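Remarks on the structure that follows.
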Amino acid sequence: MLEIKNLHVSIGERKILDGLDLTVHDGEVAAIMGPNGTGKSTLSYVISGREGYEVTQGEIRLDGLSLLELAPWERAAKGVFLAFQYPVEIPGVATMTFLKAALNAQRRARGEEELQTPDLMKRVNDAAAKLGVGKEMLRRPLNSGFSGGEKKRMDILQMALLEPSLGILDETDSGLDIDALRVVSEGVNALRDKKRSFLVITHYQRLLDYIKPDTVHVMAKGRIQRSGGPQLALELEESGYKDYIGEAA
Ligand code: ADP
Ligand code: MG
Ligand code: MG
C-alpha cells in the first residue's frame, strides 16, 4: 500500500507539490487526473526518486517503508516501477539480453541469487507470450526501430518481468495512439493483482476507458482536490478542470 502524507516538493525556488495526500491500497488502480502543469509528473518522479526535486515536508511510504530515505535503485528493488521513464535505445544489445540483465540486476539489488540463462529465458519468454510480444522482437536491438506501440509493449513487458508492487504510468501529454493505448491497457489489466497497486496518471479520460480505475483523484495546484469512483473521470470529461483551478480550463 502506498501512503503519501502532506507532501511538499519544490524545484529550485518553485513550489510544485503543496501538501499532497494520497493513499492507494493493495490491489487498487488509482487514476490521477489534472490540468497540465499541476505536478502530476513531478509526483511520479518524486516517488521513483529522480534527482532535482526537493522534498521539504511530508512522507511517502510503500508497505510501511519510507521511500524518501532510499536511493532510486533501492526503491526499484522494493517494487517501485515507473513506466516510460527510460525509452532507451540500445543499438548493439538484443532486447532479450537487456531484459535478462534487468531481471538479474533486480535480484542482486534484493540480495537474491542470480538466475542462470535457461531460467531467465524461460521467464522472459513466458512473460512475452502473455503480452503478445513475438520472439522476433526479443531478438531485435532494444527499442531501435520499434514503433510507438512496440516501445510501449516492451516497457510493459519489462514491468511484467519485474513484478512491481507499485506500477506508475505517466501518460505523457503528447498522448498515445490507439495501438499503444490498447497495448498499455491490456498489459496493465493483465498485471492487476490483489497485492499490486497502480497509479495511472493522465490528462485525458480516454485511457480510463481501457484501464478501469477503482478510484479517481483530481489533482490541481499541487495537491489532490477531490477523490471518488470511476464516475468522477466521466464528470471531468464533461466539466473540465475549471472548478479546480478557478478559471476557464
Ligand atoms: P504535469 O505533469 O501535471 O503537467 P509537471 O509535474 O510536469 O506537471 O510540472 C509541474 C510544474 O513544474 C510545471 O509548472 C512545470 O513547468 C514545472 N517544472 C517541471 N519540471 C521542471 C524543472 N525541471 N524545472 C523547473 N520547473 C519545472
Ligand atoms: Mg503492496
Ligand atoms: Mg506530466
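FYI, it's all coordinate maths here, none of it is from the lab. Everything numeric in this text was worked out from a predicted model, so none of it was measured. All Cβ positions, even for glycine, are placed from backbone atoms using ideal geometry, and neighbour counts span all protein chains on display.
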FRET efficiency for Ser239 and Glu186 from the Cβ-Cβ distance with R0 = 25 Å, rounded to 0.05, comes out at 0.25
The number of Lys pairs in region 130-226 whose alpha carbons lie under 18 Å apart, excluding pairs fewer than 8 residues apart on one chain, is 6
Hull surface over four for the Cα convex hull of region 190-249, reported in nm², is 4.5
Gyration tensor on Cα atoms of region 31-107, a ≥ b ≥ c root eigenvalues, a/c under 1.5 rounded, else prolate if a/b beats b/c, else oblate, says oblate
Once Lys and Arg are counted +1 and Asp and Glu -1 for all other residues with Cβ under 14 Å from that of Gly79, the total becomes +1
Quick numbers on the chain, Rg and Dmax over C-alpha atoms in Å, give 18.2, 58
Per region 85-210, sqrt(5λ) over the Cα gyration tensor eigenvalues, sorted largest first, in Å, gives 24, 18, 13
Tilt, helix 148-162 to longest principal axis of the chain (alpha-carbon atoms), in degrees rounded to tens, equals 80
For the chain, the longest principal axis of the Cα atoms and the Cα long axis of helix 95-109 enclose an angle in degrees, to the nearest 10, of 70
HN-Hα couplings for region 203-219 via Karplus (6.51, -1.76, 1.60; θ = phi - 60°), in whole Hz with x for Gly/Pro, come out as 7, 10, 6, 3, 4, 7, 6, 9, 9, 7, x, 7, 9, 10, 10, 9, 10
Env charge @ Lys195, Cβ radius under 12 Å, K,R +1 / D,E -1, value -2
